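*Asks:* Provided herewith is a single structure, encoded as structure tokens, for subsequent inquiry.
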Amino acid sequence: AFVLLALQVLLRQRTAPSRTALRIADFLLVVLLAFVLSLAAGYVYGALEVYGVSNSLRTAPQTLLALMALVAVISLRRLPQSPAGVLLGAGHAGQVGRVVLPIALLLPLLVPALRLSFGGLLGVDVPIAAALAGTLHAALATFAVVWMARRIDRFESELRRLSLLDELTGVHNRRGFMLLARHALRVARRDKEVVSLVFVDVDNLKRVNDQFGHDAGSELLRAVAGLLEQTFRDSDVVGRFGGDEFCVLAFGANAADAQKRVAHLQSRISDFNQRHRQPYAIGCSVGVAQLAMLTTEGLDQALREADAAMYRAKAAKKAWPAAA
């Protein structure tokens, strides 16, 4: 072990060590770690005479502790550049590793101590003490695995949520909208429910950005997203398709019902402008299309129709002052 330790130091202390030298040093470090763990395990199991073996030891405990300390120092110095450097991270992976790794290393070494402790404290026979120690070992290992799985599951759920939501407005992004819409259309097809698509374009977003700054434009988009969520039902799917474009998949609504919800939306926008008195007025151009087919093809067709209807509404707004 000390020979391996010396080789580690020599290989790493060279001026600008080559990649080959570093790989050899890493390999020797792995061998050294395995050797020290085997010494520690042999000491624990031999000293406690778990299996009736002799307790004569080839390594003094002081020597073993010194060796373990030196190996720990070298391992920690190499850790940031090694694959195990993930343990130092502040994310979920580092947290999970820092909790689970010590449990995985210490549990096997605790078994003989637990076995003798149960035998001495409870006064039970050796087989019963071994069974109790094994049960506690399994319980601790199960706890570690379940805890790790729950952390990973929460992390995956958070990633999934972030990948489907628009960071600025909190509604679904384009990917999330399409994913949920396809799933919802399968449910609507099964329940034979009518579905309509509402395409919303925020008016004058570029002008607001230019005159009042991008923070004002962001507040405008957040306000429109909030008004859409307040107007439409929880079962409807609201998403931000692009910079100033939103989509709503309205369930149980034919084209006429969807137009009523749009009128309700415009009323809410008018009330919002009167209450908040911001230096700009929120306005939206809206197009509506009913889905002829409750399929992905039908959704794509409805998107094109609603988009065209929205542009007609926007063109009519621009032409109205001139006509007046």
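The values are calculated or read from the model by the stated rules, or taken from the named source; none is laboratory data. Bear in mind that the values here come from a model prediction, so they are computed numbers and not experimental data. Neighbour counts run over all protein chains shown; Cβ positions are idealised from the backbone, glycine included. Each accessible area value is taken on the protein alone, full model and side chains, heavy atoms only, with ligands, DNA and RNA left out. Shrake-Rupley method; radii C 1.70, N 1.55, O 1.52, S 1.80 Å.
*Asks:* Using DSSP to call loops (not H, G, I, E or B), can you name the GluC sites (Glu not before Pro) in region 125-216 whose Cβ has at most 11 other Cβ atoms within 10 angstrom? Walk me through the numbers before you get to the answer.
*Replies:* Numbers: sites: Glu156, Glu158, Glu167, Glu193; in loops: Glu167, Glu193.
Qualifying residues, ordered by number: Glu167.
*Asks:* Pop the C-beta distance of Asn204 and Leu159 into the FRET formula with R0 = 51 Å and round what comes out to the nearest 0.05. Don't skip to the answer; put the middle values down first.
*Replies:* On the way: r = 35 Å, r/R0 = 0.69.
Efficiency computed from Cβ-Cβ geometry: 0.90.
*Asks:* Can you compute the modelled spin-label distance between Tyr311 and Leu180, with each label point 7 Å from Cα toward Cβ, in nm?
*Replies:* Modelled inter-label distance: 2.7 nm.
*Asks:* Still on this structure, I have one more. Label points 7 Å out from Cα along the Cβ direction at Ala138 and Leu107: separation in nm?
*Replies:* It works out to 1.2 nm between the two label points.
*Asks:* Next question. Given H placed 1.01 Å from N in the peptide plane, which residues other than close sequence neighbours of Leu165 have an amide H under 5 Å from its amide H?
*Replies:* When sequence neighbours closer than 5 places are left aside, the close amide H contacts are Asn173.
*Asks:* Just to confirm the filter: which trypsin sites (Lys or Arg not before Pro) across region 167-252 are DSSP coil and have at most 15 other Cβ within 10 angstrom of their Cβ?
*Replies:* Working: sites: Arg174, Arg175, Arg182, Arg186, Arg189, Arg190, Lys192, Lys206, Arg207, Arg222, Arg233, Arg240; in loops: Lys192, Arg233.
Qualifying residues, ordered by number: Lys192, Arg233.
*Asks:* Where in region 226-264 does the amide nitrogen come within less than 15 Å of the point 7 Å from the Cα of His214, taken along Cα to Cβ?
*Replies:* Residues 243-244 fall inside that zone.
*Asks:* Can I ask one more? Provide the gained length on full extension for the span Ala256 to Leu37, in nm with one decimal, where the gain is 0.36 nm per separating residue minus the Cα-Cα distance. Walk me through the numbers on the way to the answer.
*Replies:* Working: separation 219, 0.36 × 219 = 78.84 nm, distance 7.44 nm.
Extra length from Ala256 to Leu37 when fully extended: 71.4 nm.
*Asks:* Over region 232-324, average the accessible area per residue using a 1.4 Å probe and give it in Å², no decimals.
*Replies:* On the way: 4900 Å² over 93 residues.
Here the per-residue accessible area is 53 Å².
*Asks:* Between Arg268 and Gln13, 0.36 nm times their residue separation minus their Cα-Cα distance comes to what?
*Replies:* Details: separation 255, 0.36 × 255 = 91.80 nm, distance 7.13 nm.
My answer for the length gained is 84.7 nm.
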